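Below: one structure, written as structure tokens.
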Amino acid sequence: MKFLQYSVLPFLLVVVILSLSGATLAHSHGDFLHCLSLHLANSSTISKVIYMRNNPSYSSVLNASIQNTRFSTPATPKPLAIITPLKTSHIQSTIYCSKKHGLQLRIRSGGHDFEGLSYVSEVPFVILDLLNFRAVKVDTKNKVAWVQSGATLGELYYGIAAKTKTLAFPAGICPTVGIGGHFSGGGYGILVRKYGLAADHIIDAQLIDANGRVLDRESMGEDLFWAIRGGGGNTFGIVLAWKIKLVPVPVVVTVFTVNKNLEQNVTKILHRWQYIAHKLPDDLYVDVGITKVSSSQTGKKTVQAAFIALFLGGVDELIPLVQERFPELGLAKENCSEMSWAESVLYLGRAPSTSLDMLLDKNVIPRTIFKAKSDYVKEPIPESGIEGFLSMFLEKEADFASMLMVPFGGKMEEIPENELPYPHRAGNLFQASYIVGWRKEENAESGKYISWIRRFYSYMATYVSKSPREAYFNYRDLDIGSNNISGYTSYQQASIWGFKYFKNNFKRLVQVKTMVDPMNFFRNEQSIPPLSSP
């Protein structure tokens, strides 16, 4: 790759650099900045691209995309610099200078990484934040779109809805999630039973590899293209943009919410849901969210299951279908609302309204402090098992805890587990995820909440997948294993967590990594390692 070179750094540029970096920077860090500045095409862009620690905007840029505020404390390791590239050459320069001066690179799009790995590291590092790479171009005639990695799901959905009401994309329901991380981890959402994962509908991509080359599907080859659709894009390079195939939806869809608590026979209804949800027609998706609430009957704390659904059709067709297949739910017409598919994303995502402007609101989902885990369930959990985990929600540490049960079946049964790195397909009744949160003023006591979710996870071991106990890569969990923070990580060590996320696909991911990034430049605590030590 060819970089713009300057034989002499202009005096004005030196002044800008010193004002941004301060006089106390370590020598190598100053060298990194000097290197990066040399390779920027226009010195006037430096203040818009490089944010050093004593830049007045450093903290605001750093915190703008931190969604889990567990990783925004004074004790959290901070990057030496935040790079917010305006064009591709800025990214190439950042890769080149990070490699040359031995700095780890963390790549951030939406900042939703559950363990903060896109913006936190224990070794000297810089953040490459793709916040300026957020273009969405929708082609309704060909039913495709190009979306850059720094865009959010909300921006993608808004862009689609602005052009058509009969096309959608099968990805998540949190509007603030970044495209880059979501797509590269697989990405499921409310259309998972009808159309599968987001990654199943990626047909091309633009990636910059460790050597600074810009590659598309043809030039990167099918092995690498396979790997970035579920194996973690930031393991293999930096994916700048994705070409996706849009899917058809009706002009009107129907949503509903039905709440059941302990006093309303919720245990038996949950037990029955396990036998029904994955076998319903593909057009109907019914998930379950479990939380602690105050009983409307007694005012005392109880456990509530919210059955929340999307149906790709009208309410008059939905009601008899649910009454026949899931009569235990007691669905009535007043529980239902008809709306567009884009509005249904906001409804199911618990947004404060279904106004499409909410899709562009960076604060539509409150930022919280949390720890999360995930599982896959292949056999129905008996009523006694359900009673056991419901009782744990009545414990004091579970005031801000929840469990989400996402039904599979449908399209997920039809796709082989080695089609993409994401392997959790046929044979799974549902995906279960657990989350516990706490207040900022309770940070000093965070250990008791993390202990609670680990106990909950331990309790669930009897009822979930085994050998390996599977987990969802996009719901990062360092408890299940991690790489060495610095230095070489063996295949055996990485396999501890790798097979839980990817099952046997982990082997192919390691082969691809060894081929495209043998020196392991793109790395973090749960990135695919190459086979040999650099």
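The values are calculated or read from the model by the stated rules, or taken from the named source; none is laboratory data. Source: prediction; values computed, not measured. Glycine gets a Cβ as well: all are built from the backbone with ideal geometry, and neighbour counts include every protein chain shown. SASA here: full protein model, heavy atoms, side chains in, ligands and nucleic acids out. Shrake-Rupley method; radii C 1.70, N 1.55, O 1.52, S 1.80 Å.
Annotations for the structure displayed:
- Net dipole in debye of the stretch 136-248 [+1 Lys, Arg Cβ; -1 Asp, Glu Cβ; about Cα centre; nearest 20]: 520
- Under a model in which nothing but the beta-carbon of Lys, Arg (+1) and Asp, Glu (-1) is charged, the stretch 24-129 shows a dipole of about 160 debye around its Cα centre.
- 1.4 Å probe accessible area per residue over the stretch 401-534, in Å²: 40
- Cβ-Cβ distance of Glu328 and Lys396, R₀ of 35 Å, FRET efficiency by 1/(1 + (r/R0)^6): the value works out to about 0.65.
- Of the trypsin sites (Lys or Arg not before Pro) found in the stretch 90-125, none is in coil by DSSP with at most 16 other Cβ atoms within 10 Å of its Cβ.
- Separation of the Arg454 and Ile46 label points, Cα + 7 Å toward Cβ, nm: 4.7
- Added length on full extension, which subtracts the Cα-Cα distance from 0.36 nm per residue, Ala75 to Thr164: 27.4 nm
- Longest site-free stretch - the chain; sites: chymotrypsin sites (Phe, Trp or Tyr not before Pro), DSSP loop, at most 14 other Cβ within 10 Å: 7-487
- Alpha-carbon Debye profile of the stretch 77-209, log10 I(q)/I(0) at 0.23 Å⁻¹: -1.41
- Structure note, pairs Lys440/Lys500; Lys78/Lys396; Lys163/Lys243; Lys245/Lys411: Cα-Cα distances above 27 angstrom occur for Lys440/Lys500; Lys78/Lys396.
- Among the protein heavy atoms, those of His101 account for about 50 Å² of accessible surface (1.4 Å probe, every chain in place).
- Nonpolar atom fraction for the chain, defined as the carbon and sulfur part of the 1.4 Å probe accessible area, stands at 53 percent.
- Cysteine residues of the chain whose Cβ has no partner cysteine Cβ closer than 4.7 Å: Cys174, Cys336.
- Cα-based shape type of the stretch 484-533, given that a ≥ b ≥ c are square roots of the gyration tensor eigenvalues and the cut on a/c is 1.5: oblate
- Accessible surface for the stretch 136-248, divided over its residues, is 29 Å² per residue with a 1.4 Å probe.
- Distance in nm between pseudo-label sites at Glu387 and Ile415 (7 Å out along the Cβ direction from Cα): 3.9
- Charge dipole of the chain about the Cα centre (unit charges at C-beta), most positive-ward option of Gly313, Gly186, Ser384: Gly186
- Note on the stretch 24-129: percent of Cα-Cα distances in each 5 Å bin, starting at 0 and stopping at the bin with the largest distance, equals 2, 13, 25, 26, 20, 10, 3, 0.
- With all protein chains kept in place, the per residue accessible area of the stretch 24-129 amounts to 35 square angstrom at a probe of 1.4 angstrom.
- Which labelled figure in (1) 85, 77, 43; (2) 77, 54, 42; (3) 65, 52, 51 is Cα extents along the principal axes in Å, once derived from the coordinates: (2)
- Dipole magnitude for the stretch 412-528: about 240 debye, using +1 per Lys or Arg Cβ and -1 per Asp or Glu Cβ, origin at the Cα centre.
- Selected from Ser433, Met460, Leu215, residue furthest toward positive end of dipole (the chain; charges at beta carbon): Leu215
- Trypsin sites (Lys or Arg not before Pro) restricted to the stretch 433-522 and DSSP loop, no more than 14 other C-beta within 10 Å: Arg439, Lys466
- Relative contact order [Cα under 8 Å, 6+ residues apart], the stretch 24-129, whole percent: 31
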